[in-house]
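Presented below is the structure to which this report refers.
The values are calculated or read from the model by the stated rules, or taken from the named source; none is laboratory data. Quick caveat, the model's predicted, so the values are computed rather than measured. Cβ: placed from backbone, ideal geometry, glycine included. Neighbour counts: every protein chain shown. In case anyone asks, the SASA skips ligands and DNA or RNA and just uses the protein heavy atoms, side chains included. Shrake-Rupley method; radii C 1.70, N 1.55, O 1.52, S 1.80 Å.
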Amino acid sequence: MINKGILRQFLAATAGSLSIMNVGIILGWTSPIMEELLGPDSPIPMSVDETSWFVSVIDWGLILGSLPFGVLADRWGRKPSLQIIGPMALATWVALLYVDTFQGLLAVRFAQGLLAAGAYTVLPVYAGEIAGPKIRGALGTMFQIMMYVGILYVYAAGMFLDYRHLTYAAMAGPVVFCALFATIPESPHFYVMKNRLADAKRALVWLRGDDTGSSVDDEMDSVVECICKEMRNASFTELFTDWVSLKALIIVQGLSVFRVMAGVTALISYASITFAEMHVAVDANKLSLVFACSVLFSALPSTVLADRVGRRPLMIVSCASCFAFDTAIFAYFYVDRCTGYDVTEYGWLCVLAVGGLSVAHTLGLGSLLSTINCELFPSNTRSIANAVNTITLTVASFLALKIYPVLADDGGMYRNYLISSVFSLTSIISCCLWLPETKGKTFAAIQAQLRKTDDLV
């Protein structure tokens, strides 16, 4: 029989992850309506150049909103900082029904970028703090899974709906999130940070499924001791002045860059033009939909494996597999464009390599980063560290998406995967040398491990 506490923790993580599902809807909404926006009957006429701003302006919201949401999460709480995303997201979709100028559209998309920054920044912290040590890895993977659910939802709806009706459909995400997340408790760690110990105890009792509270006393004492120790030097600058925190920050920022540069981030956005160069007799858009499904379903095994195999082995296997598949894709495009050899009959091998790349990436780099980011930092710098990480991911993604079509122009697709291969190889070395194992450990034990290792160095 499944433990009641585990069910409640999965319920809380799923309800919170609906905020990131809304981000997936926000990100994916542009793709199905792009053809309509560029057509003669466009509700908001725009040029091809303007569509790039329409898509990318959300990145500026992500960059500018990350640090403010990190501060809010430490002052107001994890739950309130996530809750405000729901009604505000709903308001942006309503606004899109009445906006009739390109400038107004950009303003709404920028506001949606700010909300996306909140989910990116706060959700990993909340999910990590409510989880027990034995299932923290599994709950952390909900972040990536629900992101893909949101993207697939709006892709599927977009096959049948126009601009206006797809916008109505997008409103379902915020409504469901507001309804479900309202019943979920705040993070016990935040309550302890604010010295609200009775509230912390009640939240922990609910999350662990112990209605009497008798079995959570030891965990409560451990949380209080750990946070009291961390809060003695609580400040934003500790993230950069404390060597252990700075080392953790460097590790996580490196993983963020590796995650983006492994190639899947650009593939999600440019799947159609990539598949079009593979010489297969299947419509590129259909292959793109299959690719998106493979990315979603390949995230499911990591939910089970993260707390059984461990973070470090999964990350190493993920990086090594990404290197192998990136190299195979690079070889296909290089031979096709630079040697004159006919590779038409091998196009399906390249398609399979892309599928393998999506599975390998999601197994570790795609699904475990938010968990690792939450685990390596103490309570007093966790939210700010996650905000910094969101900025790094956004900037790296922006650059990767900008250079991908430029390098692919005029038959140079192989250049993208040569770069991805180099980054994947570097990620293997980095994970082997510097990434610690955190499976099944409390936050206090992880900090003790990091500081002990640092003292030995």
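Give me a count of the residues in the stretch 11-35 that are modelled with pLDDT of 90 or more and open to solvent by 10 Å² or more (accessible area, probe 1.4 Å).
Total satisfying the criteria: 4.
Answer yes or no: is there a residue in the stretch 380-390 that is open to solvent by less than 10 Å² (accessible area, probe 1.4 Å), basic (Lys, Arg) and part of a helix (DSSP H, G or I).
yes
Tell me which residues, restricted to the stretch 56-95, are among the aliphatic types (A, V, I, L, M) and farther than 19 Å from Gly173 by Cβ.
Listed by number, the residues that qualify are Val57, Ile63, Leu64, Leu67, Val71, Leu72, Ala73.
With respect to Tyr346, determine if the residue is open to solvent by 70 Å² or more (accessible area, probe 1.4 Å), aromatic (Phe, Trp, Tyr) and modelled with pLDDT under 85.
It is true that Tyr346 is open to solvent by 70 Å² or more (accessible area, probe 1.4 Å), aromatic (Phe, Trp, Tyr) and modelled with pLDDT under 85.
Would you call Val388 out of contact with any His (no Cβ under 7 Å at 6 or more places or on another chain), β-branched (Val, Ile, Thr) and closer than 30 Å to Gly132 by Cα?
Yes.
Give me the pairs: first residue in the stretch 149-173 and within 15 Å of Pro43 (Cβ to Cβ), second residue outside any helix (DSSP H, G or I) and open to solvent by 40 Å² or more (accessible area, probe 1.4 Å), beta-carbon distance under 6 Å, and six or more apart or on different chains, which are they?
Close Cβ pairs (under 6 Å, with a partner that is outside any helix (DSSP H, G or I) and open to solvent by 40 Å² or more (accessible area, probe 1.4 Å)) amount to Tyr163/Pro43.
Taking the options Thr438, Thr453, name whichever one is hydroxyl-bearing (Ser, Thr, Tyr), in a loop (DSSP other than H, G, I, E, B) and modelled with pLDDT under 95.
From the options Thr438, Thr453, the qualifying one is Thr438.
Would you point out which residue out of Gly128, Gly132, Gly140, Gly158 is more than 30 Å from Asp218 (Cβ to Cβ) and in contact with a helix residue (DSSP H, G or I) (Cβ under 9 Å, 6 or more places away or on another chain)?
Answer to the selection: Gly158.
Working only within the stretch 321-343, note down all residues that are open to solvent by 40 Å² or more (accessible area, probe 1.4 Å) and among the aliphatic types (A, V, I, L, M).
Residues satisfying the conditions are Ala324, Ala328, Ala331, Val335.
Looking at the stretch 391-405 only, could you name the residues that are open to solvent by less than 30 Å² (accessible area, probe 1.4 Å) and over 15 Å from the mean Cα position of the chain (by Cα)?
Residues satisfying the conditions are Ala400, Tyr404.
Quick check on Ser421: is it at pLDDT 85 or above, hydroxyl-bearing (Ser, Thr, Tyr) and open to solvent by less than 40 Å² (accessible area, probe 1.4 Å)?
Yes, satisfied.
Just to be sure before I move on: is Thr362 closer than 25 Å to Leu300 by Cβ, of a type in the set (Ser, Thr, Tyr), part of a helix (DSSP H, G or I) and in contact with a Leu (Cβ under 7 Å, 6 or more places away or on another chain) in the structure I sent?
no
Could you check the stretch 36-63 and list, in sequence order, the residues that are touching a residue at least 12 places away in the same chain (Cβ under 8 Å), open to solvent by 50 Å² or more (accessible area, probe 1.4 Å) and not hydrophobic (A, V, I, L, M, F, W, C)?
Across the stretch 36-63, the qualifying residues are Glu36, Pro43, Pro45, Glu50.
Which one of these does Asn195 not meet: (1) open to solvent by 30 Å² or more (accessible area, probe 1.4 Å); (2) farther than 30 Å from Leu27 by Cβ; (3) part of a helix (DSSP H, G or I)?
Only one criterion in (1) open to solvent by 30 Å² or more (accessible area, probe 1.4 Å); (2) farther than 30 Å from Leu27 by Cβ; (3) part of a helix (DSSP H, G or I) is unmet by Asn195, namely (3).
Taking Val71 and the conditions (1) surrounded by fewer than 17 Cβ atoms within 10 Å (Cβ to Cβ); (2) in contact with a Phe, Trp or Tyr (Cβ under 7 Å, 6 or more places away or on another chain); (3) not acidic (Asp, Glu), which numbered condition does it fall short on, given that it satisfies the others?
Tallying (1) surrounded by fewer than 17 Cβ atoms within 10 Å (Cβ to Cβ); (2) in contact with a Phe, Trp or Tyr (Cβ under 7 Å, 6 or more places away or on another chain); (3) not acidic (Asp, Glu), Val71 fails exactly one: (2).
Return yes or no: is Ala203 over 15 Å from Ile25 (Cα atoms), among the small types (Gly, Ala, Ser) and touching a helix residue (DSSP H, G or I) at 6+ places or on another chain (Cβ under 8 Å)? Even if it seems obvious, please write down each step before you answer.
Values: over 15 Å from Ile25 (Cα atoms): yes; among the small types (Gly, Ala, Ser): yes; touching a helix residue (DSSP H, G or I) at 6+ places or on another chain (Cβ under 8 Å): yes.
Answer is yes for this residue.
So, of the residues in the stretch 406-418 that are over 22 Å from Ser256 (Cβ atoms) and surrounded by 17 or more Cβ atoms within 10 Å (Cβ to Cβ), which turns out to be modelled with the lowest pLDDT?
Result: Ala408.
Return the residues of the stretch 343-359 that are touching a residue at least 60 places away in the same chain (Cβ under 8 Å) and among the small types (Gly, Ala, Ser); say none if nothing qualifies.
Across the stretch 343-359, the qualifying residues are Gly347, Gly355, Ser358.
Looking at (1) modelled with pLDDT of 90 or more; (2) surrounded by fewer than 20 Cβ atoms within 10 Å (Cβ to Cβ); (3) of a type outside the set (Lys, Arg), which one does Glu186 not meet, given that it meets all the others?
Evaluating Glu186 over (1) modelled with pLDDT of 90 or more; (2) surrounded by fewer than 20 Cβ atoms within 10 Å (Cβ to Cβ); (3) of a type outside the set (Lys, Arg) leaves (2) as the failure.
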